[in-house]
Amino acid sequence: MSLISRYLEANGIPTVVVGTARDIVEHCGVARFLFVDFPLGSPCGEPGAVGQQREVFQMALDLLAEAEVPRTTREAGLTWSKGED
């Protein structure tokens, strides 16, 4: 996803990457990154948690509108309901 994002940005299409693998995404150098500290494969929220998923999506849209410099990372600050195990 990160490489596709960089390609789209280079061609004038703004992007936000929502992801869980912070080190990998930041290494790729995407323009805007919303880090969600959830298990891999679940960056947009828990299954069936529509309110949480909408919140993540809104954070991504806000980042798109508010980021002022390239390679901006914002932490979502959400926690997975089942903890870190």
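The values are calculated or read from the model by the stated rules, or taken from the named source; none is laboratory data. What you see is a predicted model; the values in this text were computed from it and never measured. Here Cβ is always computed from backbone atoms with ideal geometry, including for glycine, and neighbour counts include all displayed protein chains. To get the accessible areas, we keep the full protein, side chains included, count just its heavy atoms, and leave off ligands, DNA and RNA. Shrake-Rupley method; radii C 1.70, N 1.55, O 1.52, S 1.80 Å.
FRET efficiency for the pair LEU61 and ARG6, taken as 1/(1 + (r/R0)^6) with r the Cβ-Cβ distance and R0 = 25 Å, rounds to 0.80.
Average accessible surface for the chain: 67 Å² per residue, computed with a 1.4 Å probe over protein heavy atoms with every protein chain in place. For the chain, the Kirkwood hydrodynamic radius from C-alpha pairs, put into Stokes-Einstein at 20 °C and a viscosity of 1.002 mPa s, yields a diffusion coefficient of 163 µm² per second.
Helical content of the chain, expressed as a calculated mean residue ellipticity at 222 nm, amounts to -12000 deg cm²/dmol (DSSP H runs of 4 or more residues, -39,500 (n - 2.57) each, divided by residue number, nearest 500). Give me the percent of accessible area attributable to carbon and sulfur for the chain, probe 1.4 angstrom. Here it works out to 55 percent. Phi angles across the range 62-68 convert, under the Karplus curve 6.51 cos²θ - 1.76 cosθ + 1.60 with θ = phi - 60°, into 3J(HN,Hα) values of 4, 5, 4, 7, 9, 4, 9 Hz, Gly and Pro given as x. Applying both filters, DSSP loop and at most 14 other Cβ atoms within 10 Å, to the trypsin sites (Lys or Arg not before Pro) of the range 16-85 gives ARG71, LYS82.
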